[in-house]
Amino acid sequence: MKRSGFLLAVVCLLGLGHAALAQKQGSTLRVTHRDNPPSASILEEATISTDMPFMAVFNNLVVFDPASPVNRLDKVVPDLATSWAWSDNDRTLTFKLHQGVKWHDGKPFTSADVKCTWDMLTGKVQGKLRKNPRKTWWFNIKDVATDGDDTVIFHLYDPQPSIMAMFAGGFSPVYPCHVPANEMRTHPIGTGPFKFESFKQNESIRLVRNPDYWKPGKPYLDAIEYTIIPNRSTMVLAMAAGKFDLSFTADLTPELTKSLMEQVPTMQCVMQPTGTQGNLLVNRERPPFDNAQIRKAMVLSIDRKAFSDILSQGVFQVGGANMPPPEGFWGWSKEYMETVPGYGADVEKSREQGRAIMKSLGYGPDHMLQLKVTTRNIPDYRDAAVILIDHLKSVYIQAELEPLDSSVWYARLIRKDFSVAMNIQGTGIDDPDVQFFENFLCDSQRNYTSYCNADLEKEFHRQSQMKDIDARRKLVWDIDKTLQEDGARPVVFHAQAGTCWWPRVHGINIARNTIYNHWRFEDVWLDQ
Amino acid sequence: MIQYTLRRLGLMAITLFGVSVAIFVLLRIVPGNIADILFDSAGMIDPAEKQQIVKDLGLDLPLITQYTHWIGGLLHGDLGYSYVSEKPVLDEILPRIPITARLAGLALMFAICTGVPFGVISAVRQNSWLDYALRVVSLAALSMPSFWLGLLVLMAFVDWLGLLPIYDKAPATWGAAILMYCVPAASVGLRSSALIMRLTRSSMLEVLRQDYVRTARSKGLSEAAVTFTHALRNAMLPVITVIGIETAFLFGGLIVTETVFNIPGIARFLVVAISWRDYPMVQNLVMFIAIVVVSVNLIVDLAYMLVDPRIRLRT
């Protein structure tokens with residue numbers, strides 16, 4: 001028995017050894033890119049167009065386990081930090097850092113770089129970043145201190161377990177103190193497995209292997225080349241012809257993913273939530289939408305399944321503010337969702353209630369409420385807005401489409417210069433802190449509808465401090481339900497899209513609940 | 001001849017000045033500027049940060065000052081910095097000019113080399129089956145949108161040959177460049193070819209009915225000499241005009257072809273720059289295209305004089 005156990009262990013070890021040997025060094029990974037990134041600086045952008053190609057240049061303090069298919073708090077593992085510890089009633093977070101790590105320009109990485117990065121992000125150092133789109137993520141950081149080169153201490157105002165998720169997200173790399181921010185936008189310097197080589201506007205991005213990477217033996221690839229192909233038809237044909245190894249993440253609609261898999265049966269494809277949701281914005285400061293009853297009738301007119309069927313052949317999911325399960329961790333269960341007004345299976349019954357409300361306010365088939373549905377003039381927004389206009393008719397609302405150029409869309413939202421708008425927005429991490437604080441705080445820049453509920457805001461903070469995940473999730477569900485009942489920003493759909501790669505690509509592990517992570521490529525290799 | 005050329009050069013300068021004012025004003029009339037779009041891409045706006053960008057880029061200066069800064073820089077060879085890439089505009093534009101020039105040149109060559117001979121054949125063999133076939137083909141080529149034709153060509157290549165003739169890296173040699181550009185050039189040149197063919201045909205038909213052609217035939221000249229020496233030379237004037245217009249179009253209007261075949265030329269770059277309101281980039285690209293267009297027009301006018309002695313004598 002002992003002998004057979006020993007043999008089994010030897011076989012297993014040999015197997016592991018063989019698997020390790022199977023990883024081939026060399027080759028260039030060719031990836032499509034959907035558009036020209038606004039810059040190479042991840043900290044200054046809020047788009048996957050920057051995050052995916054440049055993530056491999058950097059490291060975070062911690063990351064979501066690259067081997068895990070979900071990004072969750074219990075899946076956070078060390079990266080530049082070797083370990084971390086909570087103290088002072090969970091108000092102090094201390095990270096021990098790797099020693100001997102060097103930036104791509106040869107300078108040593110120290111705790112000063114970490115402090116410098118979060119001083120910029122929290123706005124303590126002005127003028128370094130041109131844009132700081134995720135400043136609200138770090139509202140709870142009181143200050144950052146160092147203790148020697150290998151220790152960094154974050155002092156928080158309140159306990160916040162989710163801050164670890166934010167540290168682990170793809171949008172939170174550590175920046176070098178000694179490199180100016182404008183240089184980081186055009187020629188980023190990191191500690192990551194790949195060095196930046198070139199970024200030709202509207203053409204390509206090229207990263208090359210960092211031979212001095214602090215994780216021995218990695219990465220396996222010699223280089224990663226992104227070719228910018230804005231035309232989706234050309235991109236799909238290029239993938240099918242084998243000109244590229246991997247498609248840009250979530251760049252394929254459900255129909256295109258299906259079509260590509262039919263053209264190339266060996267193609268590996270994954271459908272995943274894009275982290276974007278379609279939602280209805282109603283300006284509650286502008287009459288008659290200051291009347292909660294009208295807002296409720298509008299919400300009751302929405303047939304969410306129809307949106308999913310029309311826009312994605314039923315692939316898009318229905319849920320509240322948080323990403324729905326099975327991919328999302330914080331979204332409502334199906335049973336819970338049935339209890340939320342407007343989410344029931346019987347849409348006609350909801351619409352009947354909506355019509356009754358509108359009739360009580362003096363509207364009817366002969367006297368419909370006239371309004372404009374404002375939206376951004378790009379297909380994803382327009383298509384959803386057109387369906388919304390159709391649904392609103394069912395509750396005596398006659399709407400006209402007002403498409404806006406991208407350059408004025410956000411400016412109009414910020415100025416609250418709209419009555420009703422169809423919006424699509426992304427969230428970097430599947431986490432309630434990110435969702436609630438970014439979009440629903442009374443004074444948040446992104447609170448486009450001016451929704452303000454002081455009692456609920458207290459609940460945002462309460463859930464944020466909870467360590468018991470199950471209890472926290474229950475509270476998050478209730479908060480989300482209140483948000484939907486109040487018509488704060490009614491969620492219409494959660495989008496999904498596909499990512500595909502040829503079987504010759506190994507080591508790709510797509511996260512099920514985010515598109516903004518797992519793009520460091522340090523474990524990826526090509527079998528060719 | 002010299003006086004005529006100088007007069008035309010003077011007109012060119014006035015035209016370019018008009019273009020510079022028009023593009024400068026139009027760009028600023030369009031809603032939104034680079035600061036709006038930078039924040040759009042980041043998904044939120046902090047008014048203080050936005051105002052800082054506006055100030056940093058000099059967008060808060062009076063329009064006249066902005067215009068004189070631009071024109072002054074242009075005259076000194078300083079095109080400024082791109083708002084998006086933060087690199088000198090010249091460094092961004094220069095590598096793209098040869099790409100578009102090669103594509104446009106090959107497309108034009110394809111259009112002339114096929115359009116003129118087929119037009120002549122169609123006219124000489126009027127109402128024959130060959131004439132009918134060429135007219136049908138040219139009508140079809142004129143009717144097909146270039147994005148549709150481009151995609152069909154790409155699909156055919158993938159399905160039948162298992163390869164895709166799109167731009168993915170800069171070709172190392174001239175041969176490789178011609179190979180890479182020949183498919184998109186033929187795809188975009190087909191429409192120009194059909195246009196030139198139909199114009200050559202109608203122009204040739206008109207000339208072939210002239211008395212001097214009959215006289216040439218009665219002198220006993222061969223049919224080839226009559227067609228090519230006497231008729232074609234006189235029929236070429238309207239064709240040269242169209243070739244000039246097509247050249248100008250090909251330099252600025254290749255957006256669809258550059259997008260479908262993923263060619264990083266100036267047309268695609270210009271559209272992206274407009275969407276970003278990257279003023280220095282758009283202004284200088286439009287000025288470049290305007291210079292090409294007016295230069296081609298000048299060359300066409302000078303070519304008239306070479307082809308037709310009557311115009312030379314009149315000037």
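Checking each residue in the range A:455-510 for being surrounded by fewer than 19 Cβ atoms within 10 Å (Cβ to Cβ), over 22 Å from the mean Cα position of the chain (by Cα) and of a type in the set (Val, Ile, Thr) picks out only A:Thr482. Here A:Ser83 meets the list (1) assigned to a strand (DSSP E or B); (2) touching a residue at least 60 places away in the same chain (Cβ under 8 Å); (3) polar (S, T, N, Q) almost entirely, failing just condition (2). A:Ile515 satisfies every condition listed in (1) surrounded by 23 or more Cβ atoms within 10 Å (Cβ to Cβ); (2) over 17 Å from A:Val31 (Cα atoms) except (2).
For the range A:112-151, a tally of residues being β-branched (Val, Ile, Thr) and either surrounded by fewer than 17 Cβ atoms within 10 Å (Cβ to Cβ) or over 20 Å from A:Ser83 (Cα atoms) (or both) returns 4.
Which of the following residues is within 27 Å of A:Leu156 (Cβ to Cβ), touching a Ser or Thr at 6+ places or on another chain (Cβ under 9 Å) and of a type in the set (D, E, K, R): A:Arg462, A:Arg446? Of A:Arg462, A:Arg446, the one residue that is within 27 Å of A:Leu156 (Cβ to Cβ), touching a Ser or Thr at 6+ places or on another chain (Cβ under 9 Å) and of a type in the set (D, E, K, R) is A:Arg446. For the range A:260-290, a residue qualifies if it is of a type in the set (A, V, I, L, M, F, W, C), under 30 Å from A:Met235 (Cα atoms) and part of a strand (DSSP E or B), and the qualifying residues are A:Cys269, A:Val270, A:Met271. Entry remark, the range B:246-261: residues being crowded, with 24+ Cβ neighbours inside 10 Å and within 13 Å of chain A (Cβ to nearest Cβ) number 4 in total.
Residue pairs whose Cβ atoms lie under 9 Å apart, separated by 6 or more positions or on different chains, with the first residue in the range B:261-280 and at positive phi and the second among the small types (Gly, Ala, Ser), are B:Asn262/A:Ala238; B:Arg277/A:Ser407; B:Arg277/B:Gly32; B:Arg277/B:Ala35. Evaluation of A:Leu121 against the conditions (1) modelled with pLDDT of 95 or more; (2) under 23 Å from the mean Cα position of the chain (by Cα) shows that the sole unmet condition is (1). What do you reckon, is A:Phe289 aromatic (Phe, Trp, Tyr), over 27 Å from the mean Cα position of the chain (by Cα) and within 30 Å of A:Ser406 (Cβ to Cβ)? Taking the combined requirement at face value, the residue satisfies it. Whenever a residue of the range A:102-115 is in contact (Cβ under 8 Å) with a residue 24 or more places away in the chain and farther than 13 Å from A:Asp149 by Cα, its partners that are surrounded by 15 or more Cβ atoms within 10 Å (Cβ to Cβ) and among the charged types (D, E, K, R), lying with C-beta atoms within less than 9 angstrom and at least six residues away or across chains, give the pairs A:Trp103/A:Asp113; A:His104/A:Lys195. The set of residues in the range A:406-436 being over 13 Å from the mean Cα position of the chain (by Cα) and of a type in the set (A, V, I, L, M) consists of A:Val408, A:Ala411, A:Leu413, A:Ile414, A:Val420, A:Ala421, A:Met422.
Picking from residues in the range B:234-245 that are under 17 Å from B:Arg209 (Cβ atoms) and under 25 Å from the mean Cα position of the chain (by Cα), the one that is surrounded by the most Cβ atoms within 10 Å (Cβ to Cβ) is B:Ala235. Just for the range B:203-221: of the residues that are within 39 Å of the chain's Cα centre (by Cα) and aliphatic (A, V, I, L, M), which one is farthest from B:Val124 (Cα to Cα)? If we take residues in the range B:203-221 being within 39 Å of the chain's Cα centre (by Cα) and aliphatic (A, V, I, L, M), then B:Ala216 is farthest from B:Val124 (Cα to Cα). Checking each residue in the range A:274-306 for being of a type in the set (A, V, I, L, M, F, W, C) and under 14 Å from A:Gly487 (Cβ atoms) picks out A:Leu280, A:Leu281, A:Val282, A:Phe289, A:Ala292, A:Ile294, A:Ala297, A:Met298, A:Val299, A:Leu300, A:Ile302. Specify which of the listed residues (B:Ile311, B:Ile245) is without any contact (Cβ under 8 Å) to a residue 24 or more places away in the chain, assigned to a helix (DSSP H, G or I) and either in contact with a Gly (Cβ under 7 Å, 6 or more places away or on another chain) or more than 19 Å from B:Val19 (Cβ to Cβ) (or both). So the residue among B:Ile311, B:Ile245 that is without any contact (Cβ under 8 Å) to a residue 24 or more places away in the chain, assigned to a helix (DSSP H, G or I) and either in contact with a Gly (Cβ under 7 Å, 6 or more places away or on another chain) or more than 19 Å from B:Val19 (Cβ to Cβ) (or both) is B:Ile311.
Within the range B:115-137, can one find any residue that is without any contact (Cβ under 8 Å) to a residue 24 or more places away in the chain and on the phi > 0 side of the Ramachandran plot? Yes, because at least one residue in the range B:115-137 is without any contact (Cβ under 8 Å) to a residue 24 or more places away in the chain and on the phi > 0 side of the Ramachandran plot.
Answer with yes or no whether A:Gly344 is under 26 Å from A:Asp478 (Cα atoms) and within 14 Å of chain B (Cβ to nearest Cβ). When the stated conditions are applied, A:Gly344 does not pass them. Of all residues in the range B:84-105, at least one satisfies being surrounded by fewer than 21 Cβ atoms within 10 Å (Cβ to Cβ), under 17 Å from B:Thr257 (Cβ atoms), touching a helix residue (DSSP H, G or I) at 6+ places or on another chain (Cβ under 6 Å) and away from chain A (no Cβ under 14 Å). Restricting the range B:146-177 to residues that are in contact (Cβ under 8 Å) with a residue 12 or more places away in the chain and not hydrophobic (A, V, I, L, M, F, W, C) leaves a set whose member that is farthest from the other protein chains (Cβ to nearest Cβ) is B:Ser146.
Taking the range A:41-76 as the range and being hydrophobic (A, V, I, L, M, F, W, C) and touching a helix residue (DSSP H, G or I) at 6+ places or on another chain (Cβ under 8 Å) as the test, the residues that pass are A:Ile42, A:Leu43, A:Ala46, A:Phe54, A:Met55, A:Phe58, A:Leu61, A:Val62, A:Val63, A:Phe64, A:Leu73, A:Val76.
Looking only at residues in the range A:306-349 that are in contact with a Phe, Trp or Tyr (Cβ under 7 Å, 6 or more places away or on another chain) and among the aromatic types (Phe, Trp, Tyr), the one that is farthest from A:Ala488 (Cα to Cα) is A:Phe316. Please determine whether any residue of the range A:145-156 is in contact with a Leu (Cβ under 6 Å, 6 or more places away or on another chain), touching a residue at least 60 places away in the same chain (Cβ under 8 Å) and outside any loop (DSSP other than H, G, I, E, B). The answer is yes; a qualifying residue exists. Here B:Ala273 clears all of (1) among the aliphatic types (A, V, I, L, M); (2) surrounded by fewer than 18 Cβ atoms within 10 Å (Cβ to Cβ); (3) within 14 Å of chain A (Cβ to nearest Cβ) except the condition numbered (2).
The values are calculated or read from the model by the stated rules, or taken from the named source; none is laboratory data. Source: prediction; values computed, not measured. Please note: Cβ atoms are built from the backbone with ideal geometry, for glycine as well, and neighbour counts cover all protein chains shown.
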